[in-house]
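The values are calculated or read from the model by the stated rules, or taken from the named source; none is laboratory data. As the structure is a prediction and not an experimental result, all values here were calculated from the model. Neighbour counts are summed over all protein chains in view; Cβ atoms, including those assigned to glycine, are modelled from backbone coordinates with ideal geometry. Heads up: the accessible areas ignore ligands, DNA and RNA and are worked out on the full protein's heavy atoms, side chains in. Shrake-Rupley method; radii C 1.70, N 1.55, O 1.52, S 1.80 Å.
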Amino acid sequence: QVQLVESGGGLVQPGGSLRLSCAASGSIFSIYFMAWYRQATGKQRGLVAGVTDTGFTNYADSVEGRFTISRDNAKNTVYLQMNSLKPEDTAVYYCYVRPVGVSDCWGQGTQVTVSS
């Protein structure tokens, strides 16, 4: 089993920054794909950003140029640096990992609220 611990959410003013972290632990040999999804009230969960084990990244159009995803393979941790935050970025952010040889795993979610 894989466990995920997320941190870094909170309340921030428009234009501000936050950094989310997600640490994976448990029966992990390696992790192919790590990502952040988000779900705003009344909307479906969608991909924000993802990164493969080789460092390939992809981003939702709405966050391109403002958010940066990165990972530390030695720590099995993925980060999401969020800059120039907008009210429309308000959502619950979920960490997702796809380990090699074991089931995919979701984090419990962390609330990000962008408001003045």
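For segment 1-101, the list of trypsin sites (Lys or Arg not before Pro) that fall in a loop by DSSP and count at most 14 other C-beta atoms within 10 angstrom reads 43, 75.
Electrostatic tally near residue 84: other residues with Cβ closer than 14 Å to its Cβ, Lys and Arg +1, Asp and Glu -1, net 0.
Remark on the chain: 105 stand apart, with no other cysteine beta carbon under 4.7 Å. Using a probe of 1.4 Å, the accessible surface attributed to residue 17 totals some 60 Å² when neighbouring protein chains are kept in position.
Which of these, 102, 92, 12, has the largest mean-square fluctuation under a Gaussian network model of the chain (Cα springs below 10 Å)? Its mean-square fluctuation being the largest, the pick is 102. Converting the Cα gyration tensor eigenvalues of the chain into ellipsoid dimensions via √(5λ) gives semi-axes, longest first, of 24, 14, 12 Å.
For the chain, modelled as a GNM whose springs connect Cα atoms under 10 angstrom apart, the maximal fluctuation among 55, 16, 26 occurs at 26. Of all DSSP beta bridges confined to the chain, the antiparallel ones make up roughly 95%.
Sorting 20, 11 on solvent-accessible area from highest to lowest, probe radius 1.4 Å, gives 11, 20. Ranking 33, 56 by solvent-accessible area of protein heavy atoms (1.4 Å probe, all protein chains present), from largest to smallest, gives 56, 33.
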